[in-house]
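Below is one structure, written out as structure tokens; comments come after it.
The values are calculated or read from the model by the stated rules, or taken from the named source; none is laboratory data. Just so it is clear, the structure is predicted and the values come from calculations on it, not from any experiment. Every residue, glycine as well, gets a Cβ built from its backbone with ideal geometry; the counts of neighbours run over all protein chains shown.
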Amino acid sequence: MIEQTTTQLKVNRQHPLAIKIRKQITQALSDYKMIADGDKVMVCVSGGKDSSILTILLDEIRKRAEIEFTIEAVILDQKQPGFEVTHFKNWMLGEDIKFNIIQKDTYSVVKEKVTTGVYCSLCSKMRRAILYDYAFNNGFKKLALGHHRTDLIETTLLNMFYTGHIATMPAKLKSDDGRNIVIRPMMYVAEDDLINLAKDWGFPIIPCNLCGSQDGMKRQRMKKLIKDLETEIPSLSSSFITALQNVNPSHTLDKKLFDFENM
């Protein structure tokens, strides 16, 4: 964990890694038309490295963009032990980011309902519902999430290995109720670059003490698998994302995607 300090200098937005990641975010925004002129964008921050870096670099992109849009950071205080937002909030405000805190005690509910296994599924479901409602009620056009390239690959493998279907985290998604549009601007960004930039920037981090001890999760197994394969195939992650963008329906086994019967 990066140590939190009472005095936090502004981060160097022209750091070489920051420039690299900003360009990758800009490319994703362009490829999938994620943000339109006049959009009010809610960046869902957790206090972790990924969403924090996304917030800063999205703000930098906003300043340079040809279109007009605004961003605000929104964090959900779920009342889990050790959640201390003061230093993180002060850092965000020091970066001239508008910062909002939602307070909902989902921690007690999750602890009560989940007696065995991991908390992530119920916790994320409740968190998502709260954030979606807040976005809709406060006029946000888009919700930006801090998922990166490795998250997308892990999700694809989890779906293939454990649920028997091919699906990933989409770059742009309309919620089931049609009220919200979710975007993932860091879909091209490598997690290692985010880790290294977070170390160099040294901003405050809020740890997740609800599930931080649950290291045996399936996602951790996928992360290790990817790391192991990358020692043999350095381009694996970029090739994987490219593959997700180049699906050939006739070369799958899905009869819903291709009319094999009448070909």
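Within the range 230-243, can you find the residues that are surrounded by 10 or more Cβ atoms within 10 Å (Cβ to Cβ) and either polar (S, T, N, Q) or within 13 Å of THR150 (Cα to Cα) (or both)?
Of everything in the range 230-243, those that are surrounded by 10 or more Cβ atoms within 10 Å (Cβ to Cβ) and either polar (S, T, N, Q) or within 13 Å of THR150 (Cα to Cα) (or both) turn out to be GLU230, LEU236, SER237, SER238, SER239, PHE240, ILE241, THR242.
Looking at the structure I just gave you, is ASN138 of a type outside the set (Ser, Thr, Tyr), loosely packed, with under 14 Cβ neighbours inside 10 Å and touching a residue at least 60 places away in the same chain (Cβ under 8 Å)?
Judged against the criteria, ASN138 is a match.
Can you name the helices (runs of 4 or more DSSP H) wholly within the range 47-127 that have at least 3 residues being at pLDDT 95 or above and either of a type in the set (A, V, I, L, M) or surrounded by fewer than 18 Cβ atoms within 10 Å (Cβ to Cβ) (or both)?
Here the list reads 49-64, 86-94.
Residues that are within 19 Å of the chain's Cα centre (by Cα) and without any contact (Cβ under 8 Å) to a residue 12 or more places away in the chain: does the range 160-168 have at least one?
No: zero hits.
Quick check: anything in the range 234-255 in contact (Cβ under 8 Å) with a residue 12 or more places away in the chain, farther than 24 Å from ILE53 by Cα and of a type in the set (A, V, I, L, M, F, W, C)?
yes
Could you please tell me which pairs satisfy a Cβ distance under 8 Å, a separation of 6+ or placement on different chains, a first residue in the range 77-98 that is touching a residue at least 60 places away in the same chain (Cβ under 8 Å), and a second residue that is of a type in the set (Lys, Arg) and assigned to a helix (DSSP H, G or I)?
Listed pairs, sorted by first residue: GLN78/ARG127.
Looking only at residues that are closer than 11 Å to ARG184 by Cα and not small (Gly, Ala, Ser) in the range 23-32, which one is nearest to the chain's Cα centre (by Cα)?
Among those residues, the one meeting the criterion is ILE25.
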